[in-house]
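What follows draws every value from the coordinates through simple rules; no lab data is involved. Being a predicted model, the structure only gives us computed values, none of them experimental. Every residue, glycine as well, gets a Cβ built from its backbone with ideal geometry; the counts of neighbours run over all protein chains shown.
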Amino acid sequence: MRLSLNEVEVTLKKAAMGAGYATGLAEDTGRACFWLAERGLDAARAGAAALQSPAGGGGGELGDGCLRFAAARVVRDGPSALDLLLSGDASSVELEAADAPLLLVGLAGVAAAVHGVAWRLVHAAGALVIGGDGVDGAMPKPGAMIRLTRLAEATPTGIAPQTGGCEVGDADWAAITALAARLLVPESDASRQAGAGAGAIDND
């Protein structure tokens, strides 16, 4: 299925809200998935993996300049990790058993573009550099132990963003739209009177 990049962003935001996340985190998720899709990366797979992940983990623990998240949930923990690295309150972040590493790449890409920085993400299979325009290196797999640090300066990857939409997997997109549908108001006489769907006047 081929979708516009804006449709990806808006639907992922709604899906994150449908999954119970606060509006700010949902907006972060939508923007991260837009960034991934714009660079030919599988935004739907990243979003579906993150939003279907069971609740778990908790707040990070800071020690020796490193913030550690156990059983990391990227929708919740990723923005916190990046904010702490940007502020200098932590020199590195470790996300153990990260549920959706690709979404973390998208979150880092958006932050890199906004703040003019770059990131180094190290995992068992290798490492990659994330800049505002793209990524360079080996992608981590779900459940990976990830160590994220901020680089001294932005490192361009030379990847040209695509503008013609993106392909999404049917199963991933079905899971995402099912979560987004939780925001819809159930149809009833009361909901129609309140403005949901066609009201009594529309049907006259």
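Could you list Met145, Met1, Met17 so that the one with the fewest beta carbons within 10 Å of its beta carbon is first and the one with the most is last?
Met1, Met145, Met17
If you bin every alpha carbon distance in region 15-69 into 5 Å steps from zero, what whole percent lands in each bin?
Taking every Cα pair in region 15-69, the percentages come to 4, 17, 20, 20, 17, 14, 7, 1.
Taking neighbour counts of Cβ atoms within 10 Å as a proxy for exposure, in what order, fewest first, do Asp64, Asp77, Asp172 appear?
The fewest-first ordering by Cβ neighbours comes to Asp64, Asp172, Asp77.
For Leu62 paired with Thr177, estimate the spin-label separation in nm (one decimal), with each label point 7 Å from Cα along the Cα-to-Cβ line.
So the two model labels end up 4.4 nm from each other.
Counting other C-beta atoms within 10 Å, which of Lys14, Lys141 has the fewest, and how do the rest follow?
Final ranking by Cβ density, sparse to dense: Lys141, Lys14.
Spin-label point model (7 Å from Cα, Cβ direction): what's the Arg147 to Ser80 distance in nm?
Going by the 7 Å Cα→Cβ label model, 2.2 nm.
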